[in-house]
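S.K.: There's a structure below that I have some questions on.
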Amino acid sequence: MSWRRFFRRTDWDRERSAEIESYIQIETDENVARGMVPADARAAARRKFGNPALVREEIYRMNTVAFLDTLSREARHALRALRHNPTFTVVALLTLAIGIGANTAVFSVVNGVLLNPLRYPKADELVALHQEAPGAAGLASFSKGLPLSASMYFTYSEQNRSFQAMGVWSVNTANVTGLAEPEQVRVLVVSDGLLEALGVAPAAGRWLSAADQVPRGPERVMLSYGYWQRHFGGEPSAIGRNLTVDSRPREIAGVMPQGFRIADAEFDLLAPFQFDRNRSILAGFGLQGIARLKPGVSLAQANADLARLVPVWMHSWTNGPGTNGDAYATWRITPALRPLQQEVVGGVSDVLWIVMATIGLVMLVACANVTNLLLVRAGVRQHELALRSALGAGRGQIVGSLLVESVLLGLLSGVLGIGLAAAGLRLLQIIGPANLPRLAEISIDFRTLGFALLLSLVSGVLLGLIPAWRYAGPRISVVLRSAGRTASLSRERHRVRNLLVIAQVAMALVLLVSAGLMIRTFQVLRTVDPGFARAEHLQTMRINIPASLVAERERVIRIENEIVDKLSAIPGVTAAGFASEMPMEGYTSGWDEIFAQDHTYPQGEIQPLRLYKHVSPGFFHTAGTRLTAGRELTWAEVYNRRRVVLLSANLARELWGAPAAALGKHIRELPNDAWSEVIGVVQDVRETGVDQKAPETVYWPLDNPFIGVVRTATFVIRSDRAGTEGFLNQVRQAVWSVNATLPVASLRTMQAVYEESLARTSFTLVMLAIAGSMALLLGIIGIYGVISYAVSQRRREIGIRLALGAEAGKLRGMFVRHALLLAGIGVALGMAASGVLMRLMKSLLFGISPLDPLTYAVVPMVLVAATLLASYLPARRAAAVDPVETLRAE
């Protein structure tokens, strides 16, 4: 069977006609040879052969599949019908294409982030070593649970029974010199076993091995593919060369392949940990772990295995003389391993599924709109459908014809929608939050194309079912007898279209309520004091002074002090300072216990953990963080190593009842440490985001005897020139005038940091606002279409009413009231649905209720106003009907 006959039937039929004609001619020639007159010979030959047209049809039926033939014929007929109605076709195509395109674009994000496996061999075997510690009060820094310590890594990796390989890693930075300008690079420090667990072979060279982990042994690094290309041009000769990292030469051992990440962390260099086992202690919780399960081992079994090792860890290590590992029993450390993909995705899955659901509602609204268009079109064609029925077409044929047309419309919209999805995806990647995991892996792949095809087919079928049910039923013969007049005036005819409009309004209200709640959330978040002021005038940068470059603590402080002085001298700068990290930057802060001098603490019990930071003199003034009591540090106190400290207001209230009461009190970090005097109390700072509780915080001087001098810090400069290129160049020159080998990294304003902390909320808001706007627009179009169609169908009635003296205003009101009735029912249904569905959004809201009264008052008013606008225009047209012309036409 040749497919040619389906797509070129005219040519195929011409060839069969020529073949039949040749048979007739042969018979004619034989009849002439027998002595017949040529005309009689041909007539006899034609009688013998039969009807050529019937023969051609029979040959065609014998050599083709009837279903495919019917389908191709109906498709050709549908294409002609769509071509002859360009306005309907364009409106329907664009409406559906927007819905399909929006859904396809969002699905591509869901697919890339949530559904596609991570890019590791047998990624389903990889787990993140997550731990809970519900008894560790104040562990505010670790929203992802309790990290591992080096001693935990040794215990777990050496004594577990569940893993093929296991390793830990941590995020760091380093200075690279000698290639071009000094550069601060992203470094992931990894232990032995981590790369083996991930199982991704290097693109060049080799992995970091156990030999590279030996303390004070050979120092080696691996490069990311991008860093290799940027700085070495992708040359294989880079392997074995030395790279100056933090003023020390490190041999390049290998290069990881393009796109490789550890979890979702990007990097420039991979460096080995080089743990000193003899100096490891119980504490030091700051490492993330990844392991590959052995075949057949479940998460529950692996959790039980590590739970068995927690007491082993507590009894095998100490925090130094006189300490007791059993104190950690009060933390109730519990392994809670989870798939690595779940760890990477984190809490973004809820956001993406909510966005997907809202865009799905837009698709339903679009389908309802196009179904209304198809109902109008089928109503116009009902006389044609009745004639086809009278000429012998069965109900199945008529239904099939309508379904083929709607499915074809869906498929054409799908093709256009994929193009819109590609453009929408680029927009999503622009407006999407920078902290959206796996953002670089989002693309339109075969699964996304399959989703678009399925959505197009399902939409096409659903679009065609209602018109087919309404206009291809047994009552179609009534149309011929009534000439279409009785049916056109029937209320039942409009019932389905009215129901579709009500559904559109209800779904539009749900989407507008969700968008309104996010707008209200965003407004509330904007009113929260983050703990710094005039963020757009705060310029930040990160500087690292490694011990290999400057060993002496006092010299480090003098360099940092000199940098502050140079920055303060830049024209337009009003203040400068620095801290170990700024709020919301995303860098890991330190934490520890503190002890107040006038408090009593149970022996051997670990106290609540407090966030701590290190700050320079003038930092709070520069950042705009208010002092609620006392004063800031001075440089004299820093150089003289005076034991002074500042606290956050919430910590001061917890310990002494009021911020002012904390002044002159003393705290220390260790039970046997010297006391530090509280000289100031500052306002609570939202360290991890304005939607998160401000943690209780301790602000130590730059040189903490327990931690050491601060070598990596964020410098803050207040100036109305912040962010301008000329200002940034002056900042770099000021730093390099102090030390030309110091890289200046992460140059950005605090406004950018603040906006990034709100990026996920902003993304959700934008997506819901787009969905709500699309639904509102489609709802307006639906109401306008229903009223316009009602006006066109009741034109004769309107003319008669006007001829009998009806007032134009009352006629306008009749149609507007009809629209308001439909909208009112839709609003009522939508309000009921919103009250239930919005509770699912509770985790995305801040400071407002899912039943926020303002939102539920404003959104219906917006919909009613839109309904009035959409219905007034066709209603005004109805009142302008000329009764004389209408009656004359009748």
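The values are calculated or read from the model by the stated rules, or taken from the named source; none is laboratory data. Values in this document were obtained by computation on a predicted structure and should not be read as measured data. Accessible surface is based on the protein model in full, side chains and every heavy atom, while ligands, DNA and RNA are left aside. Shrake-Rupley method; radii C 1.70, N 1.55, O 1.52, S 1.80 Å.
S.K.: Along the range 110-122, what does the Karplus equation 6.51 cos²θ - 1.76 cosθ + 1.60 (θ = phi - 60°) give for ³J(HN,Hα), rounded to whole Hz, x for Gly and Pro?
M.R.: 4, 5, x, 8, 9, 8, 5, x, 4, 7, 10, x, 6
S.K.: Where only protein heavy atoms count, and the probe is 1.4 Å, what is the accessible area per residue for the range 150-294 in Å²?
M.R.: Working: 5910 Å² over 145 residues.
I get 41 Å² per residue for the range 150-294.
S.K.: Probe radius 1.4 Å, ligands and nucleic acids ignored: give me the carbon and sulfur share of the accessible area of the range 124-255 as a rounded percent. Let's see the in-between values first.
M.R.: Numbers: 2540 of 5280 Å².
Carbon and sulfur together cover 48 percent of it.
S.K.: May I pose another question? What per residue convex hull volume, in Å³, comes out for the range 552-613 when only alpha-carbon positions are used? Please list the in-between numbers first.
M.R.: Working: hull volume 10.6 nm³, N = 62.
Taking only Cα atoms, the range 552-613 has a hull volume of 171 Å³ per residue.
S.K.: Determine the share of the range 529-572's accessible area contributed by carbon and sulfur atoms, expressed in whole percent, with a 1.4 angstrom probe.
M.R.: Values: 860 of 1740 Å².
Ligands and nucleic acids excluded, carbon and sulfur reach 49 percent.
S.K.: Suppose all protein chains stay in the model; what accessible area per residue would a 1.4 Å probe give for the range 518-616, in Å²?
M.R.: Dividing the accessible area of the range 518-616 by its residue count gives 40 Å².
S.K.: Give me the percent of the accessible area of the range 287-348 that comes from carbon and sulfur atoms, probe 1.4 Å, all protein chains in place.
M.R.: Numbers: 1640 of 2790 Å².
C and S fraction of accessible area: 59 percent.
S.K.: Using amide H atoms built in the peptide plane, which far-off residues or other-chain residues are under 5 Å from Gly590 H to H?
M.R.: Here Tyr612 satisfy the definition.
S.K.: Still on this model: Can you give me the Rg/Rh ratio for the range 271-360, using Cα atoms for both radii and the Kirkwood formula for Rh? Mind showing how you got there, number by number?
M.R.: Details: Rg = 18.4 Å, Rh = 16.6 Å.
When Rh is taken as the Kirkwood radius, the ratio is 1.11.
S.K.: Amide H to amide H, which residues 5 or more places from Asp684 or on other chains are under 5 Å from it, using H placed in the peptide plane?
M.R.: HN-HN under 5 Å from Asp684: Ala649, Asn650.
S.K.: Largest first and in whole Å, what are the equivalent-ellipsoid semi-axes of the range 124-233 based on the Cα gyration tensor, each being the root of 5 times an eigenvalue? Walk me through the numbers before you get to the answer.
M.R.: On the way: eigenvalues 171, 75, 39 Å².
Each semi-axis is the square root of five times an eigenvalue, giving 29, 19, 14 Å.
S.K.: For the range 531-647, what value does the Rg/Rh ratio take when both radii are computed over Cα atoms and Rh is the Kirkwood radius, given to two decimals? Present the calculation step by step, with values, prior to reporting the outcome.
M.R.: On the way: Rg = 16.5 Å, Rh = 16.6 Å.
Rg/Rh for the range 531-647 comes to 1.00.
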